[in-house]
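The values are calculated or read from the model by the stated rules, or taken from the named source; none is laboratory data. Only a predicted model underlies this, so the values are computations on that prediction, with no experimental measurement involved. FYI the Cβ positions are ideal-geometry reconstructions off the backbone, even for glycines, and counts take in every protein chain you see. Ligands, DNA and RNA are excluded from the accessible area calculation, which covers all protein heavy atoms including side chains. Shrake-Rupley method; radii C 1.70, N 1.55, O 1.52, S 1.80 Å.
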Amino acid sequence: MENWLVLEQLSKTYYKERLFMPREKMDGGLKPFSLCISEEIIGILGESGSGKTTLAKLIAGIEKPDKGSGEIIFRLNEPLKQKNPVSMIFQEYTSAINPDFTVEKALVESVSKNNKTQETKEKIITVLNKVGLSEELLDKKPRNLSGGQIQRVCIARSILTEAKVLILDEAFSSLDLFNVERMLELLLALKKEFNLYYIVVTHNLELATYFCDKLIFLKEGHLEEVIETSQLMHAKSAYVQALIDAQI
Ligand SMILES: Nc1ncnc2c1ncn2[C@@H]1O[C@H](COP(=O)(O)OP(=O)(O)OP(=O)(O)O)[C@@H](O)[C@H]1O
């Protein structure tokens, strides 16, 4: 399998900006690391504050790596329609859609700003159906939708923007077990249809072991271990073993 994601000597430092004073380095961020990924569903795990979201945001281009640090290379097996092939779906999905927008308006924006043609609407309805939602939701605002429905709208939006890599940051933590299972089934079906790659940021090792092919463990801002899911029981790191023990 070819590497579809290569991170070369990447690092992230957060600074406290101060008026008329040199900026001050803060704790946190990510120490320099390199990583090559060929598996199509990746989990990022680690304790709170270990740097999972920072890594996800770097891959998504939401945070910029340190100046002079390395780069992020995507080698996806198809020509990309957009420069940034990544879409990130956050835990805080209730704020992911403008509360004043209807589902239709939120989705029209992702296809093409103010392009309200019949063709756009049909495209939106097709994708909405693919994520298991009915077109009756088009006129609804986020406050009239369940958490699971909002998440599906966010996934529909990612597909409409023709993203190829979806990063799901603790995206399942507010769903009950039944809905988590349905969401994972949906993601697998969409992956097959649209050739998607997934990066799942989670505290839930059980979920990651079920869904992901490879697991990246972070500890205090550094890469602790990268391991194929099938090999997890042979993890070398005591930290990873402790995370496994904590979830058994
Ligand atoms: N915008 C920011 N400015 C300054 N420090 C930050 C910023 N974002 C994250 N950090 C710091 O970087 C470290 C890693 O944070 P990050 O959110 O990546 O961790 P995490 O593993 O995703 O945590 P959690 O599981 O609690 O969401 C933490 O110490 C955090 O305080």
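Between Lys83 and Ala242, what is the spin-label point distance in nm, taking each point 7 Å from the Cα along the Cα→C-beta axis?
Label-label distance for Lys83 and Ala242, simple model: 4.2 nm.
Rounded to the nearest whole Å², what accessible area per residue is found for the chain with the 1.4 Å probe? Can you show the working numbers first?
Details: 13400 Å² over 248 residues.
About 54 Å² of surface per residue is accessible.
Which residue fluctuates most in the GNM of the chain (Cα springs below 10 Å): Lys140, Lys130, Lys25?
Highest fluctuation among the options: Lys25.
Below 8 Å, C-alpha to C-alpha, sequence gap of six or more: please give me the relative contact order for the chain in percent.
Worked out over the chain, it gives 26 percent.
Give me the angle, in degrees from 0 to 90, between the Cα long axis of helix 177-194 and the longest principal axis of the Cα atoms of the chain, rounded to the nearest 10.
Approximately 80 degrees, to the nearest 10.
Quick one: putting +1 on the C-beta of Lys and Arg, -1 on the C-beta of Asp and Glu, what dipole do you get for the stretch 123-248 around its Cα centre, in Debye to the nearest 20?
Working: 14 positive and 17 negative charges, 104 e Å.
My answer is approximately 500 debye.
Hey, which of these cross-link pairs are over 25 Å Cα-Cα: Lys52/Lys236; Lys57/Lys236; Lys191/Lys214? Could the numbers behind the result be given before it?
Details: Lys52/Lys236 20 Å; Lys57/Lys236 27 Å; Lys191/Lys214 16 Å.
Result: Lys57/Lys236 exceed 25 Å.
As a test of reading the structure, rank Phe74, Phe33 by solvent-accessible area (1.4 Å probe, protein chains only), most first. Working shown, then result.
On the way: Phe74 55, Phe33 15 Å².
Per-residue accessible area, sorted high to low, gives Phe74, Phe33.
So what is the 222 nm mean residue ellipticity for the chain from helices alone, if each DSSP H run of at least 4 adds -39500 (n - 2.57) and you divide by all residues, rounding to the nearest 500 deg cm²/dmol? Walk me through the numbers on the way to the answer.
On the way: 7 runs with 80 residues, N = 248.
Value at 222 nm, helices only, nearest 500: -10000 deg cm²/dmol.
Running a GNM on the chain with Cα contacts under 10 Å, which residue among Pro65, Pro99, Pro32 ends up with the highest mean-square fluctuation?
Looking only at Pro65, Pro99, Pro32, the largest GNM fluctuation is found for Pro99.
Could you bin all the Cα-Cα distances of the chain into 5 Å bins starting at 0 and give me the percent of pairs in each, rounded to whole numbers?
Once binned at 5 Å, the Cα pair distances of the chain give 1, 6, 13, 17, 17, 16, 13, 9, 6, 2, 1, 0.
With +1 assigned to the C-beta of every Lys and Arg and -1 to the C-beta of every Asp and Glu, and no other charges, what is the dipole magnitude of the chain about the Cα centre in debye, to the nearest 20?
Values: 31 positive and 35 negative charges, 175 e Å.
Result for the chain is approximately 840 debye, rounded to the nearest 20.
For a quick check, take a GNM of the chain with Cα springs below 10 Å and name the residue from Leu187, Leu232, Leu160 with the largest mean-square fluctuation.
Ranking Leu187, Leu232, Leu160 by mean-square fluctuation puts Leu232 first.
Obtain the nm distance between the two label points defined at Glu136 and Asn98 by a simple spin-label model: each point lies 7 Å from its Cα along the Cα-to-C-beta direction.
Roughly 2.7 nm, to one decimal.
Say the dipole of the chain comes from +1 at the beta carbon of Lys and Arg and -1 at that of Asp and Glu; which of Val226, Met1, Leu160 then lies farthest toward its positive end?
It is Leu160, whose Cα lies furthest towards the positive end.
Could you look at the chain and say what percent of its accessible area is carbon and sulfur, using a 1.4 Å probe and all protein chains? Mind showing how you got there, number by number?
Values: 6530 of 13400 Å².
Carbon and sulfur together cover 49 percent of it.
Could you give the distance between the Cα centres of the stretch 4-65 and the stretch 221-248, to the whole Å?
20
Nearest 10 degrees, 0 to 90: what angle lies between the long axis of helix 118-130 and the longest principal axis of the chain (Cα atoms)?
The angle comes out at about 60 degrees.
Counting DSSP beta bridges with both partners in the chain, what percentage is antiparallel, nearest 5? All intermediate terms of the calculation are to be shown ahead of the outcome.
On the way: 16 of 34 bridges.
Counting DSSP beta bridges with both partners in the chain, the antiparallel share is about 45 percent.
In degrees, nearest 10, range 0 to 90: what is the angle between the Cα axis of helix 238-247 and the longest Cα principal axis of the chain?
With both axes taken from Cα atoms, the answer is about 40 degrees.
Restricting to Cα pairs below 8 Å that are 6+ residues apart, what does the relative contact order work out to for the stretch 96-161? Please round to a whole percent. Mind dumping the intermediate values first?
On the way: 64 pairs, mean separation 30.3, N = 66.
After rounding, I find 46 percent.
If I stretch the segment between Cys36 and Lys16 completely, what's the gain in nm (0.36 nm per residue apart, minus their alpha carbon distance), one decimal? List each step's numbers first, then the result.
Numbers: separation 20, 0.36 × 20 = 7.20 nm, distance 3.11 nm.
Extra length from Cys36 to Lys16 when fully extended: 4.1 nm.
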